[in-house]
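Below you'll find the structure, written out as structure tokens, and then a few comments.
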Amino acid sequence: MVHSLSIRYEGLSLAATIHYPPQASSNGDRKLPLVVITHGFVGNRIGVDRLFVQAARELAERGNMVLRFDFAGCGESEGVYGEHGLDSMIEQTRTVLDYALGLDIVDPTRVTLLGHSLGGAVALLTAARDRRVKSLILWATVGYPFNDILRIVGRKTYDEAVTKGAADYLGYSLKPAFFDALLGHQPFQETQKFAGDVLLVHGTGDDTIPVDYTFLLEKTFWLRGEGRCEKVIIFQADHTFSNGEHKKELFQATADWLSSLEQRQQEWLHWSI
């Protein structure tokens with residue numbers, strides 16, 4: 001079952017879609033694990049080549065409740081994207097968590113953020129601030145927000161935003177405050193603040209965000225005192241995993257990791273009892 005809805009954030013309406021697992025209505029009192037998907041720079045909850053739609057369907061089939069949403073100014077959400085920097089995206093994600101965890105069907109002990117590209121940085125930064133997030137899945141995640149986005153939009157766009165107060169990029173009006181917010185965050189320095197388990201997935205053919213970031217993230221996550229980190233590298237996969245076989249490998253790795261996480265939690269529960 002799929003349900004479309006709007007979530008209020010500071011007077012704006014954020015468009016969202018929830019995917020329920022097939023057995024949700026027959027679960028009785030059994031609560032469901034939640035996966036919230038955060039999309040990338042100037043993206044939307046559908047994703048390139050329907051990446052997030054397909055991912056949500058796959059993960060819902062495996063027993064998860066999946067919520068994907070559009071950041072303000074993207075997709076069907078209200079607002080102007082360039083007026084909402086990284087801090088706002090973090091708060092929007094927390095607002096979506098407020099909504100999802102207000103549903104009786106959601107298990108608050110099994111909450112995962114799944115972020116792609118800049119959405120991966122948002123997911124990590126949110127998890128570092130919000131203890132309700134229990135696990136992280138990061139696909140081809142941004143490591144240096146300002147440098148990575150500047151490389152995508154080009155120096156000319158940034159200079160125009162600074163000198164003229166706004167710059168057009170693919171129809172999105174980017175303002176200096178948007179870039180300033182990117183400068184204010186370093187995801188690599190935030191990994192120590194998250195104690196949960198992490199899955200990192202990246203493709204070797206990614207020309208947008210270097211696959212080296214994932215190897216560095218793995219090292220920083222392993223320096224923590226608690227929480228596990230696993231890495232999956234998909235040979236020749238591009239930034240959006242556009243090849244059908246690469247998508248299949250991405251979804252399989254993600255679903256299997258969530259299942260193994262669930263199994264470890266159940267074993268720990270039985271052992272602690």
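The values are calculated or read from the model by the stated rules, or taken from the named source; none is laboratory data. Remember, predicted model here, so these are calculated numbers, not experimental data. For neighbour counting, all protein chains shown are included, and Cβ atoms are generated from backbone atoms with ideal geometry for every residue, glycine included. These area figures cover heavy atoms from the full protein model, side chains too; ligands, DNA and RNA do not enter into them. Shrake-Rupley method; radii C 1.70, N 1.55, O 1.52, S 1.80 Å.
Converting the Cα gyration tensor eigenvalues of the range 59-128 into ellipsoid dimensions via √(5λ) gives semi-axes, longest first, of 22, 13, 12 Å. The 3J(HN,Hα) values that the Karplus relation (6.51, -1.76, 1.60; θ = phi - 60°) gives for the range 248-253 are, in residue order, 4, 5, 4, 5, 5, 4 Hz. Gly and Pro appear as x. The listed peptides 61-70, 45-54, 150-159, ordered by packing as a protection proxy, come out as 61-70, 45-54, 150-159 (highest mean of other Cβ atoms within 10 Å first). Each 10 Å bin, from zero up to the one with the longest distance, holds this percent of the alpha carbon pairs of the range 119-273: 10, 33, 32, 18, 5, 1, 0. Between Leu223 and Arg57, the distance separating the two model label sites (each 7 Å from Cα on the Cα→Cβ line) works out to 4.2 nm. Backbone amide hydrogens, once placed in the peptide plane, bring Arg110 within less than 5 Å of Leu34, excluding anything fewer than 5 places away on its chain. Per-residue ellipticity at 222 nm computed for the chain from its helices equals -12500 deg cm²/dmol, with DSSP H segments shorter than 4 residues left out and the rest contributing -39,500 (n - 2.57).
Per-residue 3J(HN,Hα) values for the range 66-76, derived from phi via the Karplus relation 6.51 cos²θ - 1.76 cosθ + 1.60 with θ = phi - 60°, read 10, 10, 10, 9, 9, 5, 3, x, 10, x, 9 Hz in sequence order (x marks Gly and Pro). The 1.4 Å probe gives accessible areas that order Asp207, Asp256, largest first, as Asp207, Asp256. List the residues whose amide H sits under 5 Å from the amide H of Gly47, counting only those 5 or more places along or on another chain, with H placed 1.01 Å from N in the peptide plane. Close amide H contacts, sequence-distant or interchain: Phe52. The alpha-carbon of Lys248 sits under 17 angstrom from the alpha-carbons of these lysines, leaving out residues fewer than 8 places away in its chain: Lys231.
Summarise the accessible area of the chain (1.4 Å probe, protein heavy atoms) by the percent that is carbon and sulfur. Don't skip to the answer; put the middle values down first.
Numbers: 6040 of 12090 Å².
C and S fraction of accessible area: 50 percent.
Over all orientations, the range 99-184 has a Cα convex hull whose mean projected area works out to 6.9 square nanometres.
Quick one: ranking Tyr144, Tyr172, Tyr81 by accessible area, 1.4 Å probe, largest first, what do you get? Present the calculation step by step, with values, prior to reporting the outcome.
Values: Tyr144 80, Tyr172 50, Tyr81 5 Å².
Listed by decreasing accessible area, they come as Tyr144, Tyr172, Tyr81.
Beta bridges assigned by DSSP with both partners in the chain are antiparallel in approximately 35 percent of cases. Specify whether the C-alpha gyration tensor of the range 34-168 places it in the rounded, prolate or oblate class, a ≥ b ≥ c being the square roots of the eigenvalues: rounded for a/c under 1.5, otherwise prolate if a/b is larger than b/c and oblate if not. Prolate shape, in that a/c is at least 1.5 and a/b is the bigger ratio. For the range 77-173, the Cβ-based charge dipole about the Cα centre amounts to some 360 debye (Lys, Arg positive; Asp, Glu negative; other atoms uncharged).
Distant-in-sequence amide contacts of Tyr9, defined by a placed amide H-H separation under 5 Å and a gap of 5 or more residues or a different chain, comprise Leu14.
Within the range 105-194, what percent of beta bridges assigned by DSSP are antiparallel, to the nearest 5?
40
With respect to the chain, whose longest principal axis is taken over its alpha-carbon atoms, helix 212-222 is tilted by about 50°.
Based on protein heavy atoms only, the chain ends up with 44 Å² per residue of surface accessible to a 1.4 Å probe. Across the range 161-178, computed HN-Hα scalar couplings (Karplus, 6.51 cos²θ - 1.76 cosθ + 1.60, θ = phi - 60°) run 4, 5, 7, 10, x, 5, 9, 8, 9, 6, x, 9, 8, 9, 10, x, 4, 5 Hz from first to last residue, x flagging Gly and Pro. Near Val42: Cβ cut-off under 15 Å, other residues only, Lys/Arg at +1 and Asp/Glu at -1. The net charge is -2. For Lys31, the aspartates and glutamates whose Cα comes closer than 20 Å to its Cα, not counting residues fewer than 8 places off in the same chain, are Glu58, Glu61, Asp98, Asp104, Asp107, Asp256, Glu262, Glu267.
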